[in-house]
Amino acid sequence: MTYCDRCGEPAATGDHGACTAARELEPPRFCPDCRRRMKVQVVPTGWSATCVEHGIRHS
């Protein structure tokens, strides 16, 4: 199962239109693989988000 990386809810259920729109300007907050909250660092050149289980994601 995959999860919304902004709200953490299952990606297949509900309407995630607002999440998709917000993700154009914001980094992810939840790991899409395990739903854990990620440690996010925003820098002028982009962002990095770290999940303790699945590692680092970059912009």
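No lab work stands behind these numbers, since they all come straight from the coordinates. Values in this document were obtained by computation on a predicted structure and should not be read as measured data.
In angstrom, the C-alpha Rg and Dmax of the stretch 1-49 are 10.9, 34.
Would you pull out the residues with amide H under 5 Å of Arg29's amide H, same chain only if 5 or more places away, H placed 1.01 Å from N? The answer is Arg6. Along the stretch 32-43 the Karplus relation, 6.51 cos²θ - 1.76 cosθ + 1.60 evaluated at θ = phi - 60°, assigns HN-Hα couplings of x, 8, 10, 6, 6, 5, 9, 7, 10, 10, 9, 10 Hz to successive residues, with x for each Gly and Pro.
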